[in-house]
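The values are calculated or read from the model by the stated rules, or taken from the named source; none is laboratory data. Not measured: the values here are computed from a predicted model. All Cβ positions, even for glycine, are placed from backbone atoms using ideal geometry, and neighbour counts span all protein chains on display. Ligands, DNA and RNA are excluded from the accessible area calculation, which covers all protein heavy atoms including side chains. Shrake-Rupley method; radii C 1.70, N 1.55, O 1.52, S 1.80 Å.
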Amino acid sequence: MDSTLVTVRTGGRPAVADLTPEVEGFCRPRGDGLVSVFVPHATAGVAVIETGAGSDDDLIAALEALLPRDGRWRHRHGSAGHGADHVLPALVSPSVTIPVLAGRPALGTWQSIVLVDTNVDNPERSVRLSFLAG
């Protein structure tokens, strides 16, 4: 299995960061197989969604509605409401696996692979890309 670690800067605000170009570049020389995209953090996730048409902003708004940053959380270190960030991976998985055909992730026309990060305390994330040849 081939694997690499990519660093993504999300800044100090909730973010949906498009990983598709990095995943495509990683897969290009590798032929057929599966690519796993995994974020090894307790407060971030990976999703396959449409980007650029407002869906990324809608996702952040939906997560803020589901996981408000208030005092209800038992997990209380970090910024106000940080406990919500630790619940995020139960809703947005920390990994996705995508088929790769002839070195290209087999995504649909409007699909992108994104990092979902609501944790304002951690402006830099690692993302593990792993390729399993077919």
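For n ≥ 4 DSSP H runs only, could you compute -39500 (n - 2.57) per run for the chain, divide by its residues and tell me the 222 nm figure to the nearest 500?
Working: 3 runs with 29 residues, N = 134.
Result for the chain, helices only: -6500 deg cm²/dmol.
What whole-number value in Å² describes the accessible area per residue of the chain for a 1.4 Å probe?
Numbers: 6980 Å² over 134 residues.
That works out to 52 Å² per residue.
At 7 Å along Cα-to-Cβ for each site, give me the label-to-label distance between Asp121 and Met1 in nm.
According to this spin-label approximation, the distance is 2.9 nm.
With +1 on each Lys and Arg Cβ and -1 on each Asp and Glu Cβ, and nothing else charged, work out how big the dipole of the chain is about its Cα centre, in Debye to the nearest 20. Before the final figure, lay out the partial values.
Details: 11 positive and 15 negative charges, 74 e Å.
Its charge dipole is roughly 360 debye.
Given just the C-alpha atoms of the chain, how large is their convex hull per residue in cubic angstrom? Intermediate results must be reported in sequence, preceding the final value.
On the way: hull volume 12.9 nm³, N = 134.
Spelled out: Cα convex hull of the chain, divided by residues, is 96 Å³.
Could you please state how large a percent of the accessible area of the chain is carbon and sulfur, counting protein chains only and using a 1.4 Å probe?
On the way: 3690 of 6980 Å².
The value for the chain is 53 percent carbon and sulfur by accessible area.
Provide the per-residue ³J(HN,Hα) series for the range 104-121, in order, calculated from phi with Karplus coefficients 6.51, -1.76, 1.60 and θ = phi - 60°, each as a whole number of Hz, with x at glycine and proline positions.
Working through the residues one at a time gives 10, x, 7, 8, x, 3, 9, 8, 10, 9, 10, 8, 10, 9, 9, 7, 6, 7 Hz.
Enumerate the amide H contacts of Asp2 below 5 Å, restricted to partners 5 or more residues apart or on another chain; note that Pro and chain-start residues carry no placed amide H.
Here the answer is Phe131, Ala133, since their amide H atoms fall under 5 Å of that of Asp2.
Taking the chain as the reference, fit the longest principal axis to its C-alpha atoms, fit the long axis of helix 55-66 to the helix C-alpha atoms, and give the angle between the two in degrees, 0 to 90, nearest 10.
40
Figure the gain on full extension for Glu64 and Glu24 (residue separation times 0.36 nm, minus the Cα-Cα span) and round it to one decimal in nm. If you can, show how the numbers build up before the last one.
Values: separation 40, 0.36 × 40 = 14.40 nm, distance 2.98 nm.
Taking Glu64 through Glu24 to full extension adds about 11.4 nm, to one decimal.
Among Ser79, Phe26, Leu115, which residue has its Cα furthest toward the positive end of the charge dipole of the range 20-134, with +1 on Lys/Arg Cβ and -1 on Asp/Glu Cβ?
Phe26
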